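Beneath this line is the structure, given in structure tokens, with notes to follow.
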Amino acid sequence: MKPPHIPAYRSFLSADLLAELWQEREQVQAVEGLRIAPGLRGKFPRIETDEALQFVCELYQEVRAELNTVLENRIADRAFIDRETLACVEKNQGTPYSSPDYQTVIGKKDDAGRIVVGPLPNNAQDLKEIDIPEFLRGDQVTLFGPPDTAKMSINAMNAFNRVGSDEPAIVTELAEAAGQVPRWGADNEDSKTPIMANFLQACENLMGCFDGTLRFEDPKNGKVYQLDDQGLSKPIKRIPGLALPDGNHLLDGNPLPLHLVDFALHLWHNRSRPEALVFYVPKLENEEEAAYLKHLIDCAERHMVAMASGYEFGTIKLFIVFENPRAIFRIREMAAVLHPHFLGGSLGWHDFLASVARLFRHDPNYRIPVKADPNIVINHIRESHKILVEALAPIGAIRIGGMYGVLYEEGNPLSYQVSMVGYIRDVTTQLKRGLNGFWVAHPAFVRIGLALVEAWRRGPESVEKLVRALVTDEGEARSLLKFVFSPDAEGLDSSDPRYCRSVLAATIEVSDVIANDDPEEVRYNIFQALQYICDWLCGNGCVALPATMKTSAGEPVFVRVMDDLATTERSRWELWAEVNHGRVSHELFESLLQEELGFLKAGNDSANKRIQVSWQGDAAKWYPVAAQILRQLVTDPEPVEFATELMLPFTLDTIRKSALE
């Protein structure tokens, strides 16, 4: 057997599985060596054309050596990080975690003299001013969600025009006066299970969004959904990260990179529309990986120039999601490498915290901010926001914060109030820090978000008027306004020896909300992760899970927290650290796991806990699989880098059918 093109992909798809898939796949006669999962071309003839697939394979052959180098370097760097962290644990014996003398891997050099984690000593880059395309200028209020269904895509595109009957007049006035439309992060990454049929449907839906033809008639009630005539969102496609292979498209027995397939098919079918060629790229780790991405784009654009009349180099534009503890220190370097494609960046803080937890996994003193903490952005993401702004503001790049994912329960006024308080706190905190955008998890937050930005621009009087319209309880409003008009949370100065750790939210000794090893925090992580993994296996990538938040008076109120793969990654790393460092016994974890499985199977909500993903239908078959996956993620002493290493095979038709029999 020939060696694999990209050995790192064997962590997701074994040699035996690939051999089985190769036999099942159908040959594409027009593209030598390419085989595709049965039925895909028949179902998506507009997308899986001979010409598009030829482009995908040619692009892959041009870049696969560089991609392999990047993924092999990741493996080597992880090994270096683990060795250095273990060595630091020994050196730190007797040194308090809060001490400036506490050592970590940050700033350590490998044998080649590379600083693997941390800022470079001379990072002065001659960065050029960013030229933002006209169609992307303005406020960056971005709704995030998957584009794989026509109905959801249309609702995302029409989000600005979603005006509730009870919308406060001040929201209407501010949102309309802003003269802005939202962005839509059309997400093929953390909020979507990577089933290939979903990806191809997403590609087709986005084509319809850009050419204005997307339409859907609900077979249940005959209701017709179509794009509005004006005020449409501007879609920005997020592709998967570099680590994932695609088991549905095999070239000479090798899985093609999922990010490349998704990127190339979208580019091919939208090559004449510059506004469609803007991408969010997640999970890059440093300027070396940015150089691979630049190479991929250069190769792709050479093809476009050669075949598309009028196509210009530099048409493809990028937002980088700085959600890795290595990337956050290399923003300027990555921006320089990616010129002229780079537009700006965002901070995906759930993935960011999960990646930090993986980096410090061998340090028993490290604590990730607890999942139950409602003030993570306010108290623990300040320094990383500061770095983002300091790197990007001078060159006019777009600076976007993270996701607000706490949704209210429909018909529950108190839930709405609690959700709005958290939303306003998060948004105003990010505006104070110099960010000019943020993400929201539901269309209901779009107009309010645009109104908040416009009010902030106008000044305190407008802000107070808007806050009081959204938060009608006098006590809640008074407390919230005091927060809004107070200075930002204090942080460490960049000259402090602990500053780099604070950038990574890695200075916590004991949470002031709840201890990481408190059985209730452990139980909460288990309960939410089980539901999410099960729903992911069912084919959904994001789900709004019921949870409780407290009013300013301490009263618990039900809300819905939008979970995606990133939130589950941070949960499993929090659990892993507590179990593997002995603060939570294996026995306690297993006991709580069984209790939560029993609660889910019984299907009886309690006064303080509600089930979203019911144990019925396909979910009843996937829950035992989800439990086994979570158990392995938490108790394996050498856990997989990404949860998808265990989960990705379940996206393949053969395995899905077997699991559901």
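The values are calculated or read from the model by the stated rules, or taken from the named source; none is laboratory data. It should be emphasised that the depicted structure is a prediction, and the values quoted were computed from it without experimental measurement. No Cβ is skipped: glycine too gets one built from the backbone with ideal geometry, and neighbour counts run over all protein chains shown. Please note that ligands, DNA and RNA were not included when accessible areas were found on the heavy atoms of the full protein model with its side chains. Shrake-Rupley method; radii C 1.70, N 1.55, O 1.52, S 1.80 Å.
General observations
- Of all residues in segment 630-661 being among the basic types (Lys, Arg) and out of contact with any Asp or Glu (no Cβ under 9 Å at 6 or more places or on another chain), the one that is least open to solvent (accessible area, probe 1.4 Å): 656
- On inspection, residue 246 does not qualify as out of contact with any helix residue (DSSP H, G or I) (no Cβ under 8 Å at 6 or more places or on another chain) and in contact (Cβ under 8 Å) with a residue 40 or more places away in the chain.
Conditions (1) at pLDDT 95 or above; (2) assigned to a helix (DSSP H, G or I); (3) under 28 Å from residue 641 (Cβ atoms), marked per residue:
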site	(1), (2), (3)
4	yes, no, yes
16	yes, yes, yes
19	yes, yes, yes
23	yes, yes, no
41	yes, yes, no
53	yes, yes, no
71	yes, yes, yes
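- Top-ranked residue in segment 477-510 [being closer than 17 Å to residue 106 by Cα and of a type in the set (S, T, N, Q); ranked as most open to solvent (accessible area, probe 1.4 Å)]: 495
- Positions within segment 254-296 being crowded, with 24+ Cβ neighbours inside 10 Å and aromatic (Phe, Trp, Tyr), in sequence order: 263, 279, 280
- Residue match in segment 418-429 (condition: assigned to a loop (DSSP other than H, G, I, E, B), free of Cβ contacts under 8 Å to residues at least 60 places away in the same chain, β-branched (Val, Ile, Thr) and on the phi < 0 side of the Ramachandran plot): no
- Residue list for segment 178-189, restricted to those being out of contact with any helix residue (DSSP H, G or I) (no Cβ under 6 Å at 6 or more places or on another chain) and more than 30 Å from residue 541 (Cα to Cα): 179
- The set of residues from segment 431-443 being open to solvent by less than 10 Å² (accessible area, probe 1.4 Å) and in a helix (DSSP H, G or I) is empty.
- Pairs, first within 10 Å of residue 643 (Cβ to Cβ) in segment 526-537, second open to solvent by less than 10 Å² (accessible area, probe 1.4 Å) and of a type in the set (Lys, Arg), C-beta under 8 Å, six or more apart: 529/572
- Check on residue 65, of a type in the set (A, V, I, L, M) and in contact (Cβ under 8 Å) with a residue 12 or more places away in the chain: no
- Whenever a residue of segment 135-160 is closer than 24 Å to residue 215 by Cβ and in contact (Cβ under 8 Å) with a residue 12 or more places away in the chain, its partners that are β-branched (Val, Ile, Thr) and in a helix (DSSP H, G or I), lying with C-beta atoms within less than 7 angstrom and at least six residues away or across chains, give the pairs 143/446; 159/446; 160/446.
- For segment 84-115, a residue qualifies if it is without any contact (Cβ under 8 Å) to a residue 40 or more places away in the chain and in contact with an Asp or Glu (Cβ under 7 Å, 6 or more places away or on another chain), and the qualifying residues are 95, 108.
- Filtering 64, 78 for residues that are basic (Lys, Arg) and touching a Pro at 6+ places or on another chain (Cβ under 9 Å) leaves a single hit, 64.
- Residue 29 meets all of the listed conditions (1) under 31 Å from the mean Cα position of the chain (by Cα); (2) among the polar types (S, T, N, Q); (3) assigned to a loop (DSSP other than H, G, I, E, B) but one, namely (1).
- Test result for residue 446, surrounded by fewer than 21 Cβ atoms within 10 Å (Cβ to Cβ) and either of a type in the set (S, T, N, Q) or assigned to a helix (DSSP H, G or I) (or both): no
- Selected residue (criterion: modelled with the lowest pLDDT) from residues of segment 463-474 that are open to solvent by 30 Å² or more (accessible area, probe 1.4 Å) and in a helix (DSSP H, G or I): 474
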